[in-house]
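The values are calculated or read from the model by the stated rules, or taken from the named source; none is laboratory data. The structure presented is a predicted model; accordingly, all values stated were derived computationally and were not measured. Every residue, glycine among them, receives a Cβ derived from its backbone with ideal geometry; neighbour counts consider all protein chains shown.
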Amino acid sequence: MYGVVTRNAEEVEWPEFDRTFYEVKDVTGRHTDPLEDAVSMVSCFGDNATAGTEPDLVPVDDEGNEATRERPYFDWSYICPLAEDYRNGLLTVIETCAEVNGDVRLDDVGFPRAEYCHCDRCESAFAESDFEDWYDWRASVITEFVAEAADRIPGTTYLTLYPDPYPGHLYERAGLDVEALAEHVDEFVVPLYDTSYGTTYWLETIASGFEDLLDAPFSVELYAVDVEVENLVHATEVVEEYTEGVFFGYEASNARATLRRMDAEEREGKSFGPE
């Protein structure tokens, strides 16, 4: 199973791909209309635009440091998962997408890092909850959101995971309880991004780690922008041994060239003569 992640509507129809993810909402906060022939991809709690206009919705750690792209370790800005109006708006976007195409991919789900969030919303909600452990409470917040989103998705629910299969890391980092989430998610997607894929041993290490971690199906997403086709071919061959599928991110033409190369090599390797 091969697919592509794209922001370009015209690439959705390309026949080389078994599955197409179309970004309806990305981390910049940009919105576009869902497409009938593509799986809508929604960045949930990554949103630079909203963080810029409504800074009170940005998660903070116990020292008041905001989870924005201006700070180390963050490539984009985050919104607190307990920001009620924003969260309800997300669910509306997801429901609208699901009405156009029944499959939806939830991206950027979770808390930004292990030390977040200690805003007034989160502090009050934890204090009023039945949880004694803060990490357990965080996981319940994320699982509840995913459950609410999945209830609005009649088809396949996909969920992107941060690429760290080490036991307990996803739970502590983002509040992702993969066992609890698997009750609501049909397939996980793990982005393993590199700008060259000059070496691939680490791909096998991470992909095999997720194979051990997850009881649910998962696929790997590779970065395709300006990557040599031969390197993408090799990276694909490594990870597809462990996954349901391989998806290529953000350069459909390079992804198409990769699949064509793989198809040509497979045909060259076959013998049709008499034995």
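Miscellaneous remarks
- Matching residues in the range 106-134 - criterion: being touching an Asp or Glu at 6+ places or on another chain (Cβ under 6 Å) and buried (at least 22 other Cβ atoms within 10 Å of the Cβ): Y116
- Sole exception among (1) farther than 22 Å from V220 by Cα; (2) in contact with a strand residue (DSSP E or B) (Cβ under 8 Å, 6 or more places away or on another chain) for D108, by number: (1)
- Residue pairs meeting the criteria (Cβ under 7 Å; at least 6 apart or on separate chains; first within 18 Å of M1 (Cβ to Cβ), in the range 259-270; second modelled with pLDDT of 75 or more and part of a helix (DSSP H, G or I)): R261/V229; R261/V233; M262/V233; M262/T236
- Test for D103: is it touching a residue at least 24 places away in the same chain (Cβ under 8 Å), crowded, with 19+ Cβ neighbours inside 10 Å and on the phi > 0 side of the Ramachandran plot: no
- Filter pass, D61 being modelled with pLDDT under 95, of a type in the set (D, E), surrounded by fewer than 20 Cβ atoms within 10 Å (Cβ to Cβ) and closer than 24 Å to P163 by Cβ: no
- Every pair of residues 6+ apart whose Cβ atoms lie under 7 Å, when the first sits in the range 5-24 and is free of Cβ contacts under 8 Å to residues at least 40 places away in the same chain and more than 9 Å from M41 (Cβ to Cβ) while the second is of a type outside the set (A, V, I, L, M, F, W, C) and in a loop (DSSP other than H, G, I, E, B): V12/D37; E13/D37
- Elements of type strands (runs of 3 or more DSSP E) in the range 1-89, at least 2 residues being out of contact with any Phe, Trp or Tyr (no Cβ under 7 Å at 6 or more places or on another chain): 19-25, 39-43
- Residues located in the range 161-174, provided they are under 21 Å from V104 (Cα atoms) and part of a loop (DSSP other than H, G, I, E, B): L161, Y162, P163
- Annotation: H184 fulfils all but one of (1) in a loop (DSSP other than H, G, I, E, B); (2) more than 23 Å from S140 (Cβ to Cβ); the unmet one is (2).
- Scan of the range 99-136 for residues that are within 20 Å of R30 (Cβ to Cβ) and outside any loop (DSSP other than H, G, I, E, B), ordered by number: V100, V104, R105, L106, D107
- Counted residues, the range 25-58 - those being free of Cβ contacts under 8 Å to residues at least 40 places away in the same chain, small (G, A, S) and out of contact with any Gly (no Cβ under 6 Å at 6 or more places or on another chain): 3
- Selection from the range 131-172 of residues that are among the acidic types (D, E) and touching a Gly at 6+ places or on another chain (Cβ under 9 Å): D164
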